[in-house]
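See structure below.
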Amino acid sequence: AESGGGVSSYVRYHAEGLRSEGYDVQVLSVNSRGRSGRSAILQFAYEAASRIREFDPDVLHAHGVWQAATPFFLRCSVRAVFTFHTEPDLRRFQNRVVARLLIRRAAVSTTLSGYARSRIESAIEGGSVQVVPPALPLMAAKIGKAEARGRLAVPASAFVLAVVTPLVYPEKVRGLPILFDSLPSDSAKTHIVLAGGGPLMRQVESWVRDRGLTERVHLLGELADPSVLYDAADAYVQASLKDNLPISLLEAMSRDLPVVAFRIGGIPEAIRHGETGLLCDPDLSSLQQQLDRLQSDEALARRLGAHAGLEVRDRYSWSKIGPLWSRIYRG
């Protein structure tokens, strides 16, 4: 998965966990070979139908690809499982119809957080969704902080905030100006390293340029392996204005990084404020206050990071989540 986080990382970790238990897994991706949009979905549906017939699976598990998943769930005779990775826009009638069809056809529908489950169930008025948290492998630093910063051209003495987000969805990008404005204007010590690419990159570049932060905000684009970003960071920031339970947030926590996140979506289900991370309102004053706490209190930062790592290993390891999926798949 490029740049870490997101559905791609979730599916990769999920497949690795299943294979470790002897499952035969094939992953079909709607974003293969650089296609996108409706043409990608139509081409994916055509190719996937052929692959599914050849593979003859016992279970078909679709992850968030509504348009592609629907025809398979309606016509496929195998056990079907569907996972909502994001909170869908169920204000639109056609989206509610699709969601109802998926939930009715699927043997089990799941999502990553209680927040998303309650929103989906209340909008569709029928059917049920189970909460199954994501599972992450054990992660550790691959290289030292100094080497990682050298690779990213970040000053060795900087206080580095890491961000991983696709620059595709407006609701995941609109919080970035708040983060950029939180950088102290009287000090050049704080830097941001941001991994992610997409059609909103030019907008983000404009925000950085207009604020005179081109030397302090490092836009890395898509990274095949975001480990170097986590290894270079002092803390991780989740500044999206709408989210479920971000995989990139859990990735950062698993590496013992202290995290600061907006108190939105399913994020408070993963972070206990003051214990495994810091939560704040999605506004400048609140974010600045929590970032100042981290930067001025090294002991707090170390404690939050250590507890974050323990939290992920305790609640989001495959040993904890894998048995839930075994029961779902076997019925």
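The values are calculated or read from the model by the stated rules, or taken from the named source; none is laboratory data. Everything numeric in this text was worked out from a predicted model, so none of it was measured. In this analysis, Cβ positions are derived from the backbone assuming ideal geometry, glycine residues included, and neighbour counts consider all displayed protein chains.
Could you say which residue among 257, 183, 200, 176 is at pLDDT 95 or above and farther than 26 Å from residue 134 by Cα?
Only one candidate qualifies: 200.
Against the condition of a type in the set (Ser, Thr, Tyr), surrounded by 16 or more Cβ atoms within 10 Å (Cβ to Cβ) and either over 30 Å from residue 295 (Cα atoms) or touching a residue at least 24 places away in the same chain (Cβ under 8 Å) (or both), how does residue 128 come out, does it pass?
Spelling it out, it is not the case that residue 128 is of a type in the set (Ser, Thr, Tyr), surrounded by 16 or more Cβ atoms within 10 Å (Cβ to Cβ) and either over 30 Å from residue 295 (Cα atoms) or touching a residue at least 24 places away in the same chain (Cβ under 8 Å) (or both).
Within the group 224, 162, 232, which residue is at pLDDT below 95, closer than 26 Å to residue 140 by Cβ, of a type in the set (A, V, I, L, M) and under 20 Å from the mean Cα position of the chain (by Cα)?
Values: 162 fails: at pLDDT below 95; 232 fails: at pLDDT below 95.
Residue meeting the stated conditions: 224.
Would you tally the residues in region 248-289 being in a loop (DSSP other than H, G, I, E, B) and over 19 Å from the mean Cα position of the chain (by Cα)?
Here the count works out to 4.
Does region 268-276 contain any residue that is closer than 28 Å to residue 146 by Cβ and at pLDDT 95 or above? Explain how you work it out, then say what you get.
Our first condition is that a residue be closer than 28 Å to residue 146 by Cβ; within region 268-276, this holds for 276.
Filter once more, so that each one left must be at pLDDT 95 or above: 276.
Within region 268-276 (the criterion being closer than 28 Å to residue 146 by Cβ and at pLDDT 95 or above), the answer is yes, since at least one residue qualifies.
Answer with yes or no whether residue 261 is closer than 25 Å to residue 168 by Cα, out of contact with any Ser or Thr (no Cβ under 6 Å at 6 or more places or on another chain) and without any contact (Cβ under 8 Å) to a residue 60 or more places away in the chain.
yes
Here is a list: 326, 296. Which entry is of a type in the set (S, T, N, Q) and not assigned by TED's automatic domain parsing to the domain that holds residue 156?
326
Filter region 100-125 for residues that are without any contact (Cβ under 8 Å) to a residue 40 or more places away in the chain and in contact with a Gly (Cβ under 8 Å, 6 or more places away or on another chain); which is farthest from residue 267 (Cα to Cα)?
Ranking the candidates gives 104 first.
When the residues of region 186-197 are narrowed to those that are at pLDDT 90 or above and part of a loop (DSSP other than H, G, I, E, B), which ends up farthest from residue 241 (Cα to Cα)? Before the answer, list the steps.
First, the residues of region 186-197 that are at pLDDT 90 or above: 189-197.
Those still in the list that are part of a loop (DSSP other than H, G, I, E, B) too: 189, 196-197.
On the way: 189: 26, 196: 16, 197: 18 Å.
Here the residue is 189.
Are any residues in region 147-184 in a loop (DSSP other than H, G, I, E, B) and closer than 23 Å to residue 89 by Cβ, and if so, which ones? Let's see the steps before the verdict.
Taking region 147-184 and keeping what is in a loop (DSSP other than H, G, I, E, B), we get 153-158, 165-169, 174-175, 182-184.
Within region 147-184, 165, 166, 167, 168, 169, 174, 175 meet the criteria.
What are the pairs, 6+ residues apart or on separate chains, where a residue within region 62-87 that is in a strand (DSSP E or B) has its Cβ under 7 Å from a residue that is small (Gly, Ala, Ser) and modelled with pLDDT under 80?
Here the result reads 62/69; 82/69; 83/64; 84/64, each pair linking region 62-87 to a residue that is small (Gly, Ala, Ser) and modelled with pLDDT under 80.
The rows are residues; the columns are (1) surrounded by 14 or more Cβ atoms within 10 Å (Cβ to Cβ); (2) of a type in the set (D, E, K, R); (3) on the phi > 0 side of the Ramachandran plot.
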site: 135; (1), (2), (3): yes, no, no
site: 149; (1), (2), (3): yes, yes, no
site: 154; (1), (2), (3): yes, no, no
site: 162; (1), (2), (3): yes, no, no
site: 166; (1), (2), (3): yes, no, no
site: 178; (1), (2), (3): yes, no, no
site: 187; (1), (2), (3): no, no, no
site: 193; (1), (2), (3): yes, no, no
site: 198; (1), (2), (3): yes, no, yes
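With 75, 19, 12, 53 as the choices, which residue is surrounded by fewer than 18 Cβ atoms within 10 Å (Cβ to Cβ), more than 30 Å from residue 228 (Cα to Cα) and at pLDDT 75 or above?
Only one candidate passes the filter, namely 53.
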